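The values are calculated or read from the model by the stated rules, or taken from the named source; none is laboratory data. Treat the numbers as computed from the prediction; the structure is a model and nothing was measured. Quick reminder, even Gly has a Cβ in these numbers, built from the backbone with ideal geometry, and neighbours come from all protein chains shown. Surface areas here come from the heavy atoms of the whole protein model, side chains and all, with no ligands, DNA or RNA. Shrake-Rupley method; radii C 1.70, N 1.55, O 1.52, S 1.80 Å.
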Amino acid sequence: AELLGEAIVFGVGGLCLYLEYARQAGQARRREDEQAAALREVGEQLEQLRAELDAMAARLPPGHAPGPAPAASSPAPAAGHAAGA
């Protein structure tokens, strides 16, 4: 009877450990799936933005290189280098 009681206690404890492990593994798998879906969505948005950028660049007049606007990429002119000074 004592051996049977010990076996039941260890069996229940082992079952609890297995169920917790399975739950954690399921959560990790679900989290990885969510991250992969978010990464795919970001990639699709990036491709869409690239296509829009290419379409806008195609509408530019010849001689205009696509890229960031000059005001955004260059620092503001210094006080001594103002136009007409």
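Along region 38-53 the Karplus relation, 6.51 cos²θ - 1.76 cosθ + 1.60 evaluated at θ = phi - 60°, assigns HN-Hα couplings of 5, 5, 4, 5, 5, x, 5, 5, 5, 5, 5, 5, 5, 5, 5, 5 Hz to successive residues, with x for each Gly and Pro. Computed over protein heavy atoms with a 1.4 Å probe, the accessible surface of region 1-57 works out to 91 Å² per residue. Compute the signed sum of charges (Lys and Arg +1, Asp and Glu -1) over the other residues within less than 13 Å, Cβ to Cβ, of GLN24. So the surrounding residues net to +2. Once the chain from MET56 to GLU41 is taken as fully extended at 0.36 nm per residue, the excess over their C-alpha distance is 3.1 nm.
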